[in-house]
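See below for the structure under consideration.
FYI, it's all coordinate maths here, none of it is from the lab. All values reported here derive from a predicted model rather than from experimental measurement. All Cβ positions, even for glycine, are placed from backbone atoms using ideal geometry, and neighbour counts span all protein chains on display.
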Amino acid sequence: MAAAILPNSQFGQALPFRAGPDLPVLDRSLDYIPRYLFRTYAPKSNGSTNEMIVEAPAASRPSGNVDFLQLPRDRAAATLWNHLNWKTRNGNWFRDRDDNLMSWTSSLFFAIQHGLRRHHSDFDNPDLSNIRICVVDTRKFPRGTFIKDLDLMEAYVDKEDVGSFLNLRLSNRGFYFGEYLSQGRLDIEGRSGHTSLRLLLDMGLYDLEPRFQEEQELLAARIVKLREPFAAAPLITCPASKLQVRKAIAAAQASFGDEYALPFALMLLSLCPRPKQDRAILAGFAATFTDEEISRLSLHTMKVDGERLPEVQQFADLARDLRLHVAPEGSAINPFVVDNLYSRLASPALPIDLTQIDDIASSLSTLRVSQRGSRSMS
């Protein structure tokens, strides 16, 4: 049965997920999508992604007009598992022209590492200028355009493969990356920003997070490794330098323009654990962005889901600190909202192995040394 496709209108074309009365939890989850989602793409990416559209491989086929949630359960579960595992129906690791799903992430950390990996692992070894990151403001899309992978997996948890994959995502091994899904064809023209890895590197990405230079051919295991310092916070943190703040703001402005400059700069500074009320960050942002800009961006009402995503939670914490810095408690600006509505563990924070404290401190030493040097230039 074909689903209702929203025609070209104020939303452009979209194929929303429409949860029926038998999936009330999924229906509620559609209202709690992070404001910013990222998609990394390259010439050999599955489907088609550019500044106009994000189109799944099956979007132009008759099945491309069918809402995933209207598929028979067995077929839907198999499709979901194959997509999340990057496999076709026959188990190969190649493109699947019957796949009508496209992946996004709420983690800039993951989006960047995914791009670096593609530079090494794609068949054509694409140039860094051809590996791009798209960001969308999900408020500009109709309800149901995006859905959280964990929520979708929970709806099909009775299927063995999906249940096993969900258990992996929820394990304490750290293999969760903030994935969200869209389906069919999605028009994004005028509602997205795009940049390249080359531009991010030219603007000083390695100065903000030197560890991105290492093990670029890895993805999941590398993200887990990169997150280790967050487990030691607030015992061990990495204060930002004035130079790093300037570079983050400049990179954000050059990459995505005025609309996304403030949140993207904060995200770039969230790639390692920062102390609460980081002085350089608060001073730099207060000097660069006006109170009106912060209010107009609705930073204080933004949905952020930092569950099992320490880098995303760090972004939320920095944003909250900034809001309180420019608009103290009791002001007219509403409190910053962080939604972690479906916590799946009593304590979803990263586990910390106290025997690794010295290793974690050592892993941040490069940043600290560079900051001491940069302060002399600040």
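Of all lysines in the structure, the ones whose alpha carbon falls short of 20 Å from that of Lys159, not counting any fewer than 8 places away in one chain, are Lys87, Lys148.
Once C-alpha pairs closer than 8 Å and six or more residues apart are averaged by separation and normalised to the residue number of segment 24-195, the relative contact order reads 38 percent. Computed extension length for Val157-Glu292: 44.1 nm, one decimal, from 0.36 nm per residue of separation with the Cα-Cα distance subtracted. Taking a straight Cα-Cα cut-off under 27 Å and skipping sequence neighbours fewer than 8 places away in the same chain, the lysines within cross-link reach of Lys276 are Lys225, Lys242, Lys247, Lys303. Computed from the C-beta positions of Arg97 and Glu217, the FRET efficiency with R₀ = 25 Å rounds to 0.35. Summarising the label geometry, the points placed 7 Å from Cα in the beta-carbon direction at Asp258 and Tyr206 lie 3.4 nm from one another.
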